[in-house]
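Trainee: Would you mind keeping the following structure in view while I ask a few things?
The values are calculated or read from the model by the stated rules, or taken from the named source; none is laboratory data. This is a predicted model, so every value here is computed, not measured. Don't worry about glycine lacking a Cβ; one is built from the backbone with ideal geometry, like all the others, and counts go over all protein chains shown.
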Amino acid sequence: MPNAVVMTGVGPPDVLQWAEVALPEPAEGQIRIRVRSAGVSPTDLAIRSGHLKAFPLPPRPVLGFDGAGTVAAVGPGVTGTAIGDDVAAFYFALGKNDAYVIADLPDTAAATALSLTINSTGALTGHTTLLITPEEMDAACKKTVGYRPPGA
């Protein structure tokens, strides 16, 4: 079983503990990422300290919203990525699976289109390291995805 820094409650940094976490299996259309690099953002700090309560926390949450690594497992129906591929992810699972992340990826063009759409709303500002071909970027720019920013 992998380890992660688990949040045992809200408060000062000592509520964070190194512990074993379950290794999730990807479901239909999902991948599992072996995270090699992850960020700690002001949002993570606000959740840990108890100042941000907008998100319901799962038991023993592992904070984190972004990471990069390699595809470790592929669920049924996934196309466009394979075990061993380098990937980057931005997710809203509160880092529930810190060392491993589950991400819905029907294909790289759809994932990129969603990222472009979210960034274009101005609700979030993200920095993306492209791991796709110019042709895939062209295809993503032509796709339309449904997204409504918070509060809109």
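Trainee: Quick one: which of Ala110, Ala54 is at pLDDT below 85, small (Gly, Ala, Ser) and loosely packed, with under 15 Cβ neighbours inside 10 Å?
Mentor: Numbers: Ala110 fails: loosely packed, with under 15 Cβ neighbours inside 10 Å.
Of Ala110, Ala54, the one residue that is at pLDDT below 85, small (Gly, Ala, Ser) and loosely packed, with under 15 Cβ neighbours inside 10 Å is Ala54.
Trainee: Any chance you could count how many residues in segment 32-72 are more than 18 Å from Val21 (Cα to Cα) and in contact with a helix residue (DSSP H, G or I) (Cβ under 6 Å, 6 or more places away or on another chain)?
Mentor: 1
Trainee: In addition: Could we say that Thr70 is polar (S, T, N, Q) and more than 16 Å from Ala89 (Cα to Cα) here? Walk me through how you get there before you give the answer.
Mentor: Working: polar (S, T, N, Q): yes; more than 16 Å from Ala89 (Cα to Cα): no.
Considered against the rule, which asks whether it is polar (S, T, N, Q) and more than 16 Å from Ala89 (Cα to Cα), Thr70 comes out as no.
Trainee: For segment 1-39, enumerate the residues that are surrounded by fewer than 16 Cβ atoms within 10 Å (Cβ to Cβ) and in a strand (DSSP E or B).
Mentor: Correct list: Asn3, Gln17, Trp18, Ala19, Glu20, Arg36, Ser37.
Trainee: Starting from segment 42-53, take each residue that is closer than 12 Å to Val15 by Cβ and list its partners that are aromatic (Phe, Trp, Tyr), counting only C-beta distances under 9 angstrom and pairs at least six apart or across chains.
Mentor: Ile47/Phe55
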